[in-house]
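Presented below is the structure to which this report refers.
The values are calculated or read from the model by the stated rules, or taken from the named source; none is laboratory data. No experiment lies behind these values; they were computed from the predicted model shown. Here the Cβ positions follow ideal geometry from the backbone for every residue, glycine too, while neighbour counts run over all protein chains shown. For the accessible areas, the whole protein counts, side chains as well, though only heavy atoms, and no ligand, DNA or RNA atoms are used. Shrake-Rupley method; radii C 1.70, N 1.55, O 1.52, S 1.80 Å.
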Amino acid sequence: KIDLNKIDEEVVNTIDAFCRNNLHLADTARECFIHRNTLSYRLDKFYKETGLDVRTLNGAVTYLIIKMAAL
C-alpha cells in the first residue's frame with residue numbers, strides 16, 4: 001500500500017503537475033520552474049520509494065486513483 005503522506009510534499013506536488021501536464025516533461029518542468037533533470041530525479045525518487053512509475057499511463061492513473069482514495 002502506498003501512503004502519500006510519507007512521500008516528500010515537493011515530490012507529490014511535482015507529480016500532480018506532471019499529471020496535469022499530460023505526462024509531458026518539458027511542460028511540467030516549465031510550470032514548476034525546475035530543470036528537466038530535476039523533474040526526472042523527482043520521478044525516479046518516487047518510483048524508488050513506491051514502485052509506481054508515473055511516467056507510464058498505468059502508473060499515472062494508479063497514482064491519481066490512490067490520491068483520490070486518500071481524500
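Hey, Asp53 hits all of (1) open to solvent by 30 Å² or more (accessible area, probe 1.4 Å); (2) out of contact with any Phe, Trp or Tyr (no Cβ under 8 Å at 6 or more places or on another chain); (3) not small (Gly, Ala, Ser) but one; which does it fall short on?
Failing condition for Asp53: (2).
For the stretch 1-13, what are the residues that are in a helix (DSSP H, G or I) and hydrophobic (A, V, I, L, M, F, W, C)?
Leu4, Val11, Val12
Taking Arg42 and the conditions (1) closer than 17 Å to Glu9 by Cβ; (2) in contact with a Phe, Trp or Tyr (Cβ under 7 Å, 6 or more places away or on another chain), which numbered condition does it fall short on, given that it satisfies the others?
(2)
Yes/no per residue for (1) in a helix (DSSP H, G or I); (2) among the polar types (S, T, N, Q); (3) in contact (Cβ under 8 Å) with a residue 24 or more places away in the chain:
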| residue | (1), (2), (3) |
| --- | --- |
| Ile15 | yes, no, yes |
| Cys19 | yes, no, yes |
| Asp27 | yes, no, no |
| Glu31 | yes, no, no |
| Tyr41 | yes, no, no |
| Glu49 | yes, no, yes |
| Arg55 | no, no, yes |
| Asn58 | yes, yes, no |
| Tyr63 | yes, no, yes |
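Only one residue in Arg42, Arg30, Arg20 is crowded, with 16+ Cβ neighbours inside 10 Å and charged (D, E, K, R). Which one?
Selected residue: Arg42, the only one of Arg42, Arg30, Arg20 that is crowded, with 16+ Cβ neighbours inside 10 Å and charged (D, E, K, R).
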